[in-house]
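The values are calculated or read from the model by the stated rules, or taken from the named source; none is laboratory data. Please read these numbers as outputs of a predicted model, since none were measured by experiment. Here the Cβ positions follow ideal geometry from the backbone for every residue, glycine too, while neighbour counts run over all protein chains shown. The area values use the complete protein model at the heavy-atom level, side chains included, leaving out ligands, DNA and RNA. Shrake-Rupley method; radii C 1.70, N 1.55, O 1.52, S 1.80 Å.
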Amino acid sequence: MTSTRTRRIRKAVFPVAGLGTRFLPATKTVPKEMLPIIDKPLIQYAVDEAIEAGCDTLVFITNRYKHAVADYFDKAYELEQKLEAAGKHEQLELVRHVLPPGVKTIFVTQTEALGLGHAVLCAKEVIGDEPFAVLLPDDLIWNRGPGALKQMADAAEENSCSAIAVQDVPHEMTGSYGIVATQDFANRRGRITRIVEKPKPEDAPSDLAVVGRYVLSPRIFELLETTTPGAGGEIQLTDAIQRLLEDEVVDAYRFRGTRFDCGTHIGLIEATIRYALDHEKLSDAAADMMRNALVELGVVEIS
Ligand code: G1P
């Protein structure tokens, strides 16, 4: 068993080519990654997490409908001039610092929607021969301390291995996730012995589900090149990771933080409530408004 991973991640891949059909009609024109939690689009939360973890090269795997993502990270000259002229310095800073200085963006088009594994493979030339991160922006992870990717990248670097974020899910939900079997956990890490994409509850090796944060060895690209369609007829990242286990160490990492599945309506609502209740300016008003709404709608009774 060998491990080729000894370096810190610098590059992060964001697969953002999905159609976002669950959020139609909004996603007819607005990519789902641009849906906001308060005032920041989902993609910004994932990008901030990658930068905090030490990444300076952000690779977006997009499709021809996703110009809004590229536009968002581009410089907005006219808007900046108007904000400057109007003396709106605070807003100007927000617009200017969507990305900190020194961070590069690269956009790669995925011409056919062949699955998450295929999307990651599209980044092969840009990543080259170094470990890298994959972040699925639908999975929003809230934490007061270091972000989930930073926690994982620190652990993966220390252990010179790949790492995948995991959390426990209800047994009946295994069919919505990649599910891992592991050796015993110590310091939040457990070595993965098996990984399977969206198993039925009766076939699931555990209730430990993959969350959309990965630190991967570049060897994954060779494996993805020969990975055939799996669950749902798609080229699955999970299937290539199962093959990676045969010659490299891949750890499951139980991150600190709360994950919201913003690929679903209820997850997006839950995240909005959490961020509002934790917001320095909005928390009191948001809590009052929620209490009043619960009472007015008869969801809870006044005692
Ligand atoms: C993808 C992965 C799955 C993982 C999930 C996490 O599935 O294929 O292994 O558990 O993300 O959000 P998707 O939700 O894109 O179908």
message: I need the helices (runs of 4 or more DSSP H) fully contained in segment 177-277, keeping only those with at least 1 residues that are over 30 Å from I38 (Cβ atoms) and near the ligand (Cβ under 10 Å from one of its atoms).
response: 237-244
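Here is a yes/no grid of residues against (1) under 18 Å from the mean Cα position of the chain (by Cα); (2) open to solvent by less than 90 Å² (accessible area, probe 1.4 Å); (3) farther than 30 Å from P131 by Cα:
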residue: R10; (1), (2), (3): yes, no, no
residue: A26; (1), (2), (3): no, yes, yes
residue: K32; (1), (2), (3): yes, yes, no
residue: A76; (1), (2), (3): no, yes, yes
residue: A85; (1), (2), (3): no, no, yes
residue: L92; (1), (2), (3): no, yes, yes
residue: V98; (1), (2), (3): yes, yes, no
- prompt: Could you list, in sequence order, the residues of segment 23-60 that are over 26 Å from N143 (Cα atoms) and not in a loop (DSSP other than H, G, I, E, B)?
  reply: A26, T27, K28
task: Filter segment 53-65 down to residues that are over 11 Å from R10 (Cα atoms) and open to solvent by 40 Å² or more (accessible area, probe 1.4 Å), then give me how many there are.
output: 2
- prompt: Is one or more of the residues making up segment 278-294 of a type outside the set (D, E, K, R), open to solvent by less than 50 Å² (accessible area, probe 1.4 Å) and within 18 Å of the chain's Cα centre (by Cα)?
  reply: no
- prompt: Quick one: how many residues across segment 10-22 are part of a loop (DSSP other than H, G, I, E, B) and in contact with a Cys (Cβ under 7 Å, 6 or more places away or on another chain)?
  reply: 1
- request: Go through segment 134-176 and give me each residue that's touching a Leu at 6+ places or on another chain (Cβ under 6 Å) and away from the ligand (no atom under 14 Å from the Cβ).
  value: S162
